[in-house]
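Notes to accompany the following structure.
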Amino acid sequence: MLSDFEKQAIRELQGDLPVESRPFAGMARRLGVTEEKLLETVADFLQRGLMRRFGAALRHQRVGYSGNALVAWVVPPEEIERVGLAIAAYPEVTHCYQRATAPGWPYSLYAMVHRPTEAECRELVRQISAAVGIGEYVVLFSTAELKRSSMQYFR
């Protein structure tokens, strides 16, 4: 069970971070606590498994990355963990997930790959493919971002 303060902290944390040197200071002020207390609460959320991570979502198109692709790989079940961990280790990969296959769609591993251009993205995917030993994949480039938002709890 979450306390009223924890729910208030979640409301503050789920929004966008201000672009400033101490983004948690303003949140703490609005909550009526010290910045240290808010950061302790965040650490507690992580330790208790209430929160997996805290991160920033960069709008890659706005910083010059037009090579953004979802790569779907055909990976044998016994190779999923090895291949997934290897692909996820690339800094250009922001997401890597296993999904169930479907009739006519044998792809079981998905990775979001970001590079400045589509050509650089394709080249990196080729390098990753060679490195992990998986040659069957499809590269699906982003054409438009239709929604990008985080879940909102305790609104």
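A compact table of results
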{"read-out": "The range 4-48 - charge dipole about Cα centre, Lys and Arg +1 at Cβ, Asp and Glu -1, debye rounded to 20", "value": "100 debye"}
{"read-out": "Options TYR107, ASN68, GLY32, ranked by Cα towards positive dipole end of the range 7-143, top entry (Cβ charges)", "value": "GLY32"}
{"read-out": "Centre separation in Å (Cα based) which lies between the range 75-111 and the range 1-57", "value": "32 Å"}
{"read-out": "0 to 90° range, to nearest 10: angle between helix 118-132 axis and the chain longest Cα axis", "value": "80 degrees"}
{"read-out": "Scaled radius of gyration (Cα, divided by 2.2 N^0.38 Å) that the range 60-141 gives", "value": "1.04"}
{"read-out": "Helix 4-13 axis, angle to the chain major axis (alpha carbon atoms, nearest 10°)", "value": "50 degrees"}
{"read-out": "Area projected by the alpha carbon convex hull of the chain, averaged over all directions, nm²", "value": "12.1 nm²"}
{"read-out": "Inter-label distance, nm, simple model (7 Å from Cα along the C-beta direction), GLU78/GLU36", "value": "5.5 nm"}
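Taken together, the values in this text are just the output of simple stated rules run on the coordinates, not laboratory data. From a predicted model like this one, the values you see are computed outputs, not experimental measurements. Note: ideal-geometry Cβ built from the backbone for every residue, glycine included; neighbour counts use all protein chains shown.
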